[in-house]
Every structure is written in C-alpha cells, then in structure tokens.
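Read through the structure below, which is laid out as structure tokens, and then see the notes.
Taken together, the values in this text are just the output of simple stated rules run on the coordinates, not laboratory data. These figures come from a predicted structure and were not determined experimentally. Glycine gets a Cβ as well: all are built from the backbone with ideal geometry, and neighbour counts include every protein chain shown.
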Amino acid sequence: MLHFNQFEKSYFDHLVLKIDNIKLPEGIFWIKGNNGSGKSTLLKAIAGILSFQGDIAIGTVYLKNHGVAYRKLVNFAAAEPLFPEFLTGLEMVDIFAKAKDAITGQEESLINEMGMKPYIHHPLGSYSSGMLKKLSLVLAFLGKPKLILLDEPLNTIDIESLATLYHWINEKYQNEKISFLLSSHQPLDALKLPGLKQVYIEDKEIKLNF
C-alpha cells in the first residue's frame with residue numbers, strides 16, 4: 001500500500017528520518033516513538049506537506065511525479081489543527097469536500113455523527129480546541145482516500161467523539177480497505193481496533209513489529 005523509496009528528511013543538515021526501502025501493506029498502524037523521534041514529521045511528509053529526499057508511493061502513484069493524484073489518495077489531520085478564523089466550519093468542510101471530490105451528502109453525515117451540527121455555521125475563531133479537533137477529523141474522512149493520517153487523534157475529544165472515531169476507522173478499513181497511520185501518545189484501544197499493528201521510530205528509522 002505505502003512504499004518508501006530512499007526516503008530521508010533533514011532539518012538544517014540534521015538527519016531526522018531515514019527509510020531506505022520499506023513497504024507497508026494495507027492496515028491500521030500505530031506509530032510509536034519518543035518525543036522528537038519524528039512521528040509528526042513522518043506523517044506530514046507522507047501527506048505531501050513537507051519536502052524530503054527520495055520518494056513515497058501509494059500503490060503505483062508516486063508523490064514526486066504525480067503530486068495531484070497522490071494527494072487525492074491521502075488525507076491528513078494535524079495534532080493541533082489551524083484554520084482561517086473568519087471561515088465557518090461548514091465553509092471549511094465545503095472547501096475540502098470539493099477538493100477531495102466527496103460524494104454528495106458525505107459531509108452532512110460526518111458532521112451529524114461527530115455532533116458538530118449545533119455550531120457548524122459558527123466562525124472558526126469561536127471554536128474550542130476540541131471543536132477544531134472534531135472538524136479536522138471530519139475533513140480527514142472526506143472524499144475517497146486510500147490512506148488517512150491522524151496525528152494525535154485522541155487529544156481534546158470527548159468520549160462520544162472517540163467512540164465515533166473508532167467506528168469510522170473500523171468502517172472505512174473493513175468496508176473500503178482504507179488504511180490508517182495513527183500517531184498517539186495516548187494508548188489506542190486494540191479491542192476497538194481489531195488488527196491494529198505497531199510501527200516504531202527508533203534511531204531515525206522505522207521498525208516494524210508485525
């Protein structure tokens with residue numbers, strides 16, 4: 001599903017991550033590592049947000065040669081999402097729905113299930129951190145991705161929203177074979193995510209544990 005080809009990421013000539021040639025199959029993966037090990041950097045690179053050396057592919061679609069097609073296959077939710085404060089939540093959803101070619105009605109269903117309907121028309125500048133997190137999760141599930149990247153998805157969301165998130169992940173993987181990479185300092189519930197696999201970042205490299 002996800003192929004790293006001579007991947008390297010550095011900041012100011014300081015090597016942060018190096019992945020020579022690894023292929024991850026379809027699945028739900030929990031990326032683990034110490035603070036500063038490069039978990040968020042890895043997800044942002046896979047999302048096509050950060051530049052890097054080498055290349056990354058989803059199936060046969062490579063980021064460097066087919067950037068637009070690749071980015072339609074990958075959705076990303078940041079650990080601490082930032083959005084234009086003057087837009088409403090619905091306006092933000094509409095922008096992403098069009099960019100990701102979401103099917104008609106998909107956004108309405110996600111908004112309702114995540115409990116955002118009472119404030120979806122409010123400006124984003126009035127949103128709490130929990131409300132922004134829920135919006136970022138809704139955006140991450142729009143469209144027809146092959147891979148969804150969630151950075152610290154458990155932060156600041158309530159118990160009901162967490163249950164919804166686990167349901168969405170299982171439903172998307174089981175019914176649509178959408179894969180997930182999750183980075184979380186908080187324990188993920190393996191009982192609610194059957195087949196959860198662990199990936200470690202150690203010594204600037206990825207180590208598979210499955």
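To check my understanding: the extent here is largest minus smallest coordinate of the Cα atoms along each principal axis. What are those three numbers for the chain, in Å, largest first?
If we take the Cα atoms of the chain, the spans are 47, 37, 33 Å.
At a 10 Å Cβ-Cβ cut-off, how would you order Y173, Y62, Y11, fewest neighbours first?
The fewest-first ordering by Cβ neighbours comes to Y11, Y62, Y173.
For the chain, what is the calculated [θ] at 222 nm in deg cm²/dmol (nearest 500), taking -39500 (n - 2.57) for each run of four or more DSSP H residues and dividing by its residue count?
Calculated from helices alone, the mean residue ellipticity at 222 nm is -9000 deg cm²/dmol.
Mind pulling the angle between the C-alpha long axis of helix 129-140 and the longest principal axis of the chain? Nearest 10 degrees, somewhere in 0 to 90.
For helix 129-140, the angle is close to 70 degrees.
When Lys and Arg each count +1 and Asp and Glu each count -1, what net charge do the other residues less than 9 Å away from I201, Cβ to Cβ, add up to?
+1
With Rg and the Kirkwood Rh both taken from Cα atoms, where does Rg over Rh land for segment 1-87?
0.97
All other residues with a Cβ under 11 Å from the Cβ of A47 taken together, and with Lys, Arg as +1 and Asp, Glu as -1, what is their net charge?
Summing Lys/Arg as +1 and Asp/Glu as -1 gives +1.
Quick check on the exposure proxy: order E26, E152 from fewest to most C-beta atoms within 10 angstrom.
Ranked by crowding around the Cβ, least crowded first: E26, E152.
Counting other beta carbons within 10 Å of each Cβ, put D151, D189, D94 in order, fewest first.
Values: D151 24, D189 11, D94 14.
Least to most surrounded, the residues fall as D189, D94, D151.
I'd like the distance between the alpha-carbon centres of segment 160-210 and segment 89-142, rounded to an integer number of Å.
After rounding, the separation between the Cα centres reads 22 Å.
If you bin the C-alpha pair distances of segment 35-150 every 5 Å from 0, what whole percents do you get?
2, 11, 21, 21, 18, 14, 9, 4, 0
Can you tell me the alpha carbon radius of gyration of segment 76-129 divided by the globular rule-of-thumb value 2.2 N^0.38 Å?
Its radius of gyration relative to the 2.2 N^0.38 Å reference: 1.11.
Kirkwood Rh, Cα Rg: Rg to Rh for segment 109-155?
0.97
Among N175, N75, N155, which one shows the highest mean-square fluctuation when the chain is modelled as a Gaussian network with alpha-carbon springs under 10 Å?
N175
For the chain, what is the relative contact order in percent, using Cα pairs closer than 8 Å and at least 6 residues apart in sequence? Write out the running numbers ahead of the final one.
Working: 372 pairs, mean separation 59.8, N = 210.
Rounded, it is 28 percent for the chain.
For the chain, take the longest principal axis of its alpha carbons; what is the angle in degrees between that and the long axis of helix 89-99, to the nearest 10 within 0 to 90?
50
Residues with beta-carbon under 14 Å from that of D101, excluding D101: net charge, scoring Lys, Arg +1 and Asp, Glu -1?
Spelling it out: positives minus negatives among the neighbours equals +4.
In the Gaussian network model of the chain, springs joining C-alpha atoms below 10 Å, which of L43, L193, L165 carries the largest mean-square fluctuation?
Its mean-square fluctuation being the largest, the pick is L193.
Can you give the % of DSSP beta bridges in segment 2-209 that are antiparallel, to the nearest 5?
Antiparallel: roughly 55 percent of the beta bridges in segment 2-209.
Please give, to one decimal in nm, the separation of the simple spin-label points placed at D94 and Q174, each 7 Å out from Cα toward the Cβ.
Here the modelled spin labels are 3.5 nm apart.
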